[in-house]
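Scroll down for the structure; my scribbles are underneath it.
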Amino acid sequence: MEYKTVKSEATGEFIEKRSRFLCHVKPVSTSEEAVAFINEKKSKYWDATHNVYAYILREGGIMRYSDDGEPQGTAGQPALEVLRREELYDLVVVITRYFGGIMLGAGGLVRAYARGAKEAVAAGGIALMCLCDECELTVGYAQYEQTKNLLSDMGAVVTDTGYADNVKISFYIKKSDTEKFAAALTEQTNGTAAPKVLGERFMPI
């Protein structure tokens, strides 16, 4: 099970017929997080002509948008459509416009706000989120390098390494690869090491 979102909070910018557009994006997982980000941008850019937003959440299939004073259907909806077409989830975009004195017309607004969503997503970068097992394992120092290479070969991401009498490695790995990794580790260490699954969560791979 996989889905796409943005890697990080980011801001892009462009000028269209003297109107300045600031394009903000942030990964979120709840409506509360999305609304907090929207309110933060509205507060920061209180003097802007419009602060248009759109967001999509996986949980409950929630999709929301606002034209924030632009003609109906010319701002928030085009931004939302960009997110839908790209099949992005768990993110919010806010497109701030400072009017430059030249009317863009309905078609121009649609294109500008769609571009704003694209610029925001490009600035944040796209991450593929996969359902992963969070694991830990302990190996002897003689097995550490081989184990580290195996983790890398299997696409696992090491999050912490502790050095004591043995080496304790914390990592996450795609859920679909956990059994394959466990079998390979058992063979490599002659059955002396096995991963312990602590939980599961969506993580970027």
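Is segment 143-159 home to any residue that is loosely packed, with under 15 Cβ neighbours inside 10 Å, modelled with pLDDT under 95, assigned to a helix (DSSP H, G or I) and hydrophobic (A, V, I, L, M, F, W, C)?
No; the residues of segment 143-159 include none that is loosely packed, with under 15 Cβ neighbours inside 10 Å, modelled with pLDDT under 95, assigned to a helix (DSSP H, G or I) and hydrophobic (A, V, I, L, M, F, W, C).
State whether the residues of segment 169-177 include one that is surrounded by 11 or more Cβ atoms within 10 Å (Cβ to Cβ), in contact with a Ser or Thr (Cβ under 6 Å, 6 or more places away or on another chain), over 21 Å from Glu2 (Cβ atoms) and modelled with pLDDT of 90 or more.
yes
Go through segment 62-76 and give me each residue that's under 12 Å from Ile95 (Cβ atoms) and in contact with a strand residue (DSSP E or B) (Cβ under 8 Å, 6 or more places away or on another chain). Can you show your working first?
Let us first name the residues in segment 62-76 that are under 12 Å from Ile95 (Cβ atoms), namely 65-68, 70, 74-76.
Of everything in segment 62-76, those that are under 12 Å from Ile95 (Cβ atoms) and in contact with a strand residue (DSSP E or B) (Cβ under 8 Å, 6 or more places away or on another chain) turn out to be Tyr65, Ser66, Asp67, Asp68, Glu70, Ala75, Gly76.
Results for (1) of a type in the set (Asp, Glu); (2) surrounded by 15 or more Cβ atoms within 10 Å (Cβ to Cβ); (3) within 14 Å of Leu109 (Cα to Cα); (4) modelled with pLDDT of 95 or more, shown as yes or no for each residue.
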| site | (1), (2), (3), (4) |
| --- | --- |
| Gly12 | no, yes, no, no |
| Ile15 | no, no, yes, no |
| Val25 | no, yes, no, yes |
| Val35 | no, yes, no, yes |
| Glu40 | yes, no, no, yes |
| Lys44 | no, no, no, yes |
| Gly69 | no, no, yes, no |
| Gln72 | no, no, yes, no |
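If the Cβ limit is 8 Å and pairs must be 6+ apart or interchain, which residue in segment 32-59 that is farther than 22 Å from Lys118 by Cβ pairs with which residue that is hydroxyl-bearing (Ser, Thr, Tyr) and part of a loop (DSSP other than H, G, I, E, B)?
The qualifying pairs are Glu59/Ser29; Glu59/Thr30.
Of the residues in segment 178-195, how many are surrounded by fewer than 17 Cβ atoms within 10 Å (Cβ to Cβ) and aliphatic (A, V, I, L, M)? Walk me through it before giving the result.
Residues of segment 178-195 surrounded by fewer than 17 Cβ atoms within 10 Å (Cβ to Cβ): 179-180, 183-184, 186-188, 190-192, 194.
With the extra rule that they be aliphatic (A, V, I, L, M), the set shrinks to 183-184, 194.
Result for segment 178-195: 3.
The values are calculated or read from the model by the stated rules, or taken from the named source; none is laboratory data. Quantities reported herein were computed from a predicted structural model and do not represent experimental measurements. Reconstructed Cβ throughout: ideal geometry from the backbone, glycine too, with neighbour counts over all protein chains shown.
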